[in-house]
Every structure is written in structure tokens, then in C-alpha cells.
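The values are calculated or read from the model by the stated rules, or taken from the named source; none is laboratory data. Note that the structure is a prediction, hence the values are computed from the model and not measured. Every residue, glycine as well, gets a Cβ built from its backbone with ideal geometry; the counts of neighbours run over all protein chains shown. When the accessible area is computed, the model is the full protein with side chains, heavy atoms only, and any ligands, DNA or RNA have been set aside. Shrake-Rupley method; radii C 1.70, N 1.55, O 1.52, S 1.80 Å.
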Amino acid sequence: MKIGILSRKAELYSTRRLVEAARDRDHEVRVLNPLRCYMDITSHHPEIHYKGEKLQGFDAIIPRIGASITFYGTAVVRQFEMIGVFCLNESVAISRSRDKLRSLQLLARKGLGLPVTGFAHSTQYTDDLISLVGGAPLVVKMIEGTQGVGVVLAETDKAAQSVIQAFRSLKANILVQEYIKESSGRDIRCWVIGDKVVAAMLRQGPEGEFRSNLHRGGRAETIRITPEERSTAVRAAKIMGLRVAGVDMLRSNHGPVIMEVNSSPGLEGIEKTTGKDVAGMVIAYIEKNAAPGKTRTKGRG
Ligand code: ADP
Ligand code: MG
């Protein structure tokens with residue numbers, strides 16, 4: 001097969017591993033920087049060009065679209081869909097998963113476990129917002145944050161009020177969430193491919209830190225997840241419409257609760273922690289499932 005990886009950096013661990021896994025399995029593979037793709041969207045034969053050349057003959061595309069280029073990156077994925085190329089994750093699903101509020105609303109609608117969550121833009125009714133989610137301790141998050149930045153634990157109602165007011169003055173969209181104390185700085189990352197969790201790891205924040213992000217000095221270890229956690233992760237990916245996803249959840253007293261669903265989950269943490277060839281499993285999934293025109297949306301959405 002001829003596989004394209006949409007990634008801005010060929011030297012990133014995840015990109016390198018996917019290239020390696022594809023070559024190991026005798027596929028032709030090319031890393032394409034989505035920002036360098038340009039397209040003819042009007043013709044009856046939609047085209048994508050790259051550095052002066054028309055891209056053709058691809059059987060599958062693996063989108064690895066960074067959060068900062070979601071807008072242009074998903075347009076390129078959509079164009080590949082229009083041409084009929086199998087895209088591992090489709091453009092609508094990627095866009096959907098990038099919007100935290102939309103994602104949480106969709107998951108809640110389908111009855112998945114979430115921490116009690118409220119959201120607001122610039123309410124003056126801070127007290128009411130706090131009581132809506134059950135009072136302190138609370139976690140306040142800026143919607144646009146990643147890697148734990150903009151995620152604050154407020155231990156008292158007073159602290160929560162100051163934090164919410166501070167975010168309000170920044171005119172940020174915020175999410176106010178029940179603090180899942182019993183997870184004590186740990187979360188679980190489930191790597192989903194198709195309808196399976198192929199690998200999972202437990203991440204633990206450093207001493208005294210409630211955020212488990214590896215970028216914040218957290219460490220990871222392997223974990224045996226429960227059947228309920230397994231089915232929650234698979235359902236979450238399905239609801240988001242993602243064939244491949246990193247589903248993050250906390251272990252709460254009332255079962256697994258979802259934090260977020262990532263459409264371009266990293267390979268380094270999960271492969272180094274579990275010793276599994278996750279990149280190889282991604283390519284194996286593509287071999288089984290990629291067929292011309294097999295996109296559900298054909299560029300719609
Ligand atoms: P980001 O997108 O920046 O990673 P997250 O929502 O994943 O933001 O939060 C970062 C980390 O903070 C989580 O991985 C988790 O360890 C911790 N955390 C977030 N929300 C809660 C919560 N409601 N209760 C307990 N811990 C939380
Ligand atoms: Mg996170």
C-alpha cells in the first residue's frame with residue numbers, strides 16, 4: 001500500500017515509528033507536512049498538490065494534526081476524503097474531538113461517566129456556578145489549554161471564586177469540574193484502535209501534584225484495566241467517531257470518568273511504557289480496513 005502520514009515533523013517519535021512500522025510491513029510511506037499541501041477544491045476531479053507535484057495513488061492517510069493547525073489540517077484531510085482516500089481518522093471526528101465542550105456534551109448525551117462539569121464564558125454568578133457542580137474542592141480549566149497548563153485545583157469556594165474571576169477577566173471559556181480526589185493525581189490513558197483497547201498506561205503526577213500529565217513531570221506504568229474501563233474507552237472513541245484515539249479517564253468512586261479523547265495520541269509514552277508495538281498495530285488496522293472510497297463522510301461536514 002501507499003500510505004501518507006500528515007505530520008509537520010518527520011523526526012517526531014510518533015511519526016518516525018509509524019514510518020518504520022509501515023516500511024517493516026513493506027508499504028510505501030511518505031510524510032507530508034499538511035501546511036505544505038494546497039488544493040483545487042472546485043474541479044470535478046479534486047486534487048492535492050505538494051511542493052509543485054500532484055499527490056496521487058495513496059491508499060491511506062494517517063492524520064497527525066497538531067492542535068495549533070486543526071483548521072488547515074482538517075481541510076487537507078477533508079480533501080483526501082473527497083478524493084476517496086481512506087483517512088484513519090476523518091476530518092469531522094478530528095474537529096469534533098478538538099472542541100472540549102462539544103466532546104463532553106456528546107459523551108454526556110450518550111450516558112458516559114464524566115466528572116460533574118459546568119461551563120461558562122463570563123458569568124458574574126460565580127457562586128451559583130460553583131454550587132451547580134457541588135462546591136469546592138473544584139478543578140477549573142481553561143478550554144484551550146493542553147498538557148495541564150490552565151488546569152487549577154481550587155480547594156475552597158473562596159479560592160474557586162478568585163480563580164473563576166481571574167479567568168473571567170481573561171475572557172476565557174472555562175470548565176468547572178468536580179474534583180475526583182480518589183484518583184489522587186493518577187489518570188489512565190487507553191489507546192483505542194477500532195473496537196479494541198490495544199494498550200493502556202497509568203500516569204501519576206509528581207508528589208503533591210494533582211495533574212498527571214507526563215509533560216508536568218508525571219511518570220507512567222503499565223496497568224490492567226477493568227472490563228468497564230475497557231468498554232468506556234471504546235464507546236468514547238466510537239461516540240467521537242474516531243477509529244484511533246487516546247482516551248483519558250480517572251478512576252472515581254462511581255466508576256471510570258472521562259477527561260478527554262485525543263485524536264492524535266502520542267506513541268512514545270505508550271510504547272515505552274508497555275513495550276508494545278502500537279505503531280505496528282495501527283498499520284495492521286489500516287491493512288485490514290483501508291479501501292478506496294471507504295470514508296463515511298466523503299468530505300461532508
Ligand atoms: P489537559 O488537556 O491540559 O491535559 P486535563 O483535563 O487532561 O487537561 O487535566 C490535566 C490533568 O489534571 C488530568 O490528567 C488529571 O490528572 C488532572 N485532573 C483534571 N481534571 C480533574 C478532576 N476533575 N479531578 C481530578 N483530577 C483532575
Ligand atoms: Mg490531559
Quick check on segment 184-201. Is at least one of its residues of a type in the set (Gly, Ala, Ser) and within 14 Å of ligand 2 (Cβ to nearest atom)?
yes
Could you list, ordered by first residue, the pairs with Cβ atoms under 7 Å in which the first is in segment 121-136 and in the same structural domain as residue 172 (by TED's automatic domain parsing) and the second is in a loop (DSSP other than H, G, I, E, B) and charged (D, E, K, R), at least 6 apart or interchain?
122/171; 136/155
Considering only segment 135-147, how many residues are surrounded by fewer than 19 Cβ atoms within 10 Å (Cβ to Cβ) and either among the aromatic types (Phe, Trp, Tyr) or within 11 Å of ligand 1 (Cβ to nearest atom) (or both)?
7
Out of the helices (runs of 4 or more DSSP H) lying entirely within segment 189-301, which hold 1 or more residues that are within 22 Å of residue 76 (Cβ to Cβ)?
227-240, 278-289
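With respect to residue 147, determine if the residue is away from ligand 2 (no atom under 16 Å from the Cβ), over 25 Å from residue 254 (Cβ atoms) and either assigned to a helix (DSSP H, G or I) or out of contact with any Leu (no Cβ under 6 Å at 6 or more places or on another chain) (or both).
No.
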Residue under question is residue 283, and the condition is that it be more than 18 Å from the chain's Cα centre (by Cα), touching a residue at least 40 places away in the same chain (Cβ under 8 Å) and buried (at least 22 other Cβ atoms within 10 Å of the Cβ); does it hold?
yes
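A quick yes/no check of all residues on (1) crowded, with 17+ Cβ neighbours inside 10 Å; (2) modelled with pLDDT under 95:
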| residue | (1), (2) |
| --- | --- |
| 19 | yes, no |
| 22 | yes, no |
| 28 | no, no |
| 31 | yes, no |
| 36 | no, no |
| 40 | no, yes |
| 43 | no, yes |
| 47 | no, yes |
| 58 | yes, no |
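Let's see how each residue does on (1) part of a helix (DSSP H, G or I); (2) β-branched (Val, Ile, Thr); (3) open to solvent by 50 Å² or more (accessible area, probe 1.4 Å):
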{"site": "92", "(1), (2), (3)": "yes, yes, no"}
{"site": "104", "(1), (2), (3)": "yes, no, no"}
{"site": "107", "(1), (2), (3)": "yes, no, no"}
{"site": "111", "(1), (2), (3)": "no, no, yes"}
{"site": "127", "(1), (2), (3)": "yes, no, yes"}
{"site": "131", "(1), (2), (3)": "yes, no, yes"}
{"site": "153", "(1), (2), (3)": "no, no, no"}
{"site": "164", "(1), (2), (3)": "yes, yes, no"}
{"site": "167", "(1), (2), (3)": "yes, no, no"}
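Can we say residue 266 is surrounded by fewer than 19 Cβ atoms within 10 Å (Cβ to Cβ) and within 15 Å of ligand 2 (Cβ to nearest atom)?
Yes: the conditions hold for residue 266.
Among the residues in segment 187-194, are any more than 16 Å from ligand 1 (Cβ to nearest atom), farther than 30 Å from residue 88 by Cβ and either within 21 Å of the chain's Cα centre (by Cα) or not assigned by TED's automatic domain parsing to the domain that holds residue 105 (or both)?
Looking for residues that are more than 16 Å from ligand 1 (Cβ to nearest atom), farther than 30 Å from residue 88 by Cβ and either within 21 Å of the chain's Cα centre (by Cα) or not assigned by TED's automatic domain parsing to the domain that holds residue 105 (or both), one finds none in segment 187-194, hence no.
Considering each residue of segment 172-186, count those that are over 22 Å from residue 70 (Cα atoms) and outside any helix (DSSP H, G or I), and give that number.
Final tally of qualifying residues: 8.
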One residue from 94, 83, 69 being away from ligand 1 (no atom under 15 Å from the Cβ), free of Cβ contacts under 8 Å to residues at least 40 places away in the same chain and of a type in the set (A, V, I, L, M):
83
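Looking only at segment 205-231, count every residue that is within 16 Å of ligand 2 (Cβ to nearest atom) and crowded, with 17+ Cβ neighbours inside 10 Å and tell me the total.
Qualifying residue count, segment 205-231: 8.
Residue-wise test of (1) in contact with a helix residue (DSSP H, G or I) (Cβ under 7 Å, 6 or more places away or on another chain); (2) closer than 19 Å to residue 263 by Cβ.
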{"position": "13", "(1), (2)": "yes, yes"}
{"position": "18", "(1), (2)": "yes, yes"}
{"position": "28", "(1), (2)": "no, no"}
{"position": "43", "(1), (2)": "no, no"}
{"position": "46", "(1), (2)": "yes, no"}
{"position": "52", "(1), (2)": "no, no"}
{"position": "61", "(1), (2)": "yes, yes"}
{"position": "79", "(1), (2)": "no, yes"}
{"position": "88", "(1), (2)": "yes, yes"}
Evaluate segment 211-227: report whether one residue or more is in contact (Cβ under 8 Å) with a residue 24 or more places away in the chain, within 13 Å of ligand 1 (Cβ to nearest atom), among the hydroxyl-bearing types (Ser, Thr, Tyr) and farther than 19 Å from residue 107 by Cβ.
yes
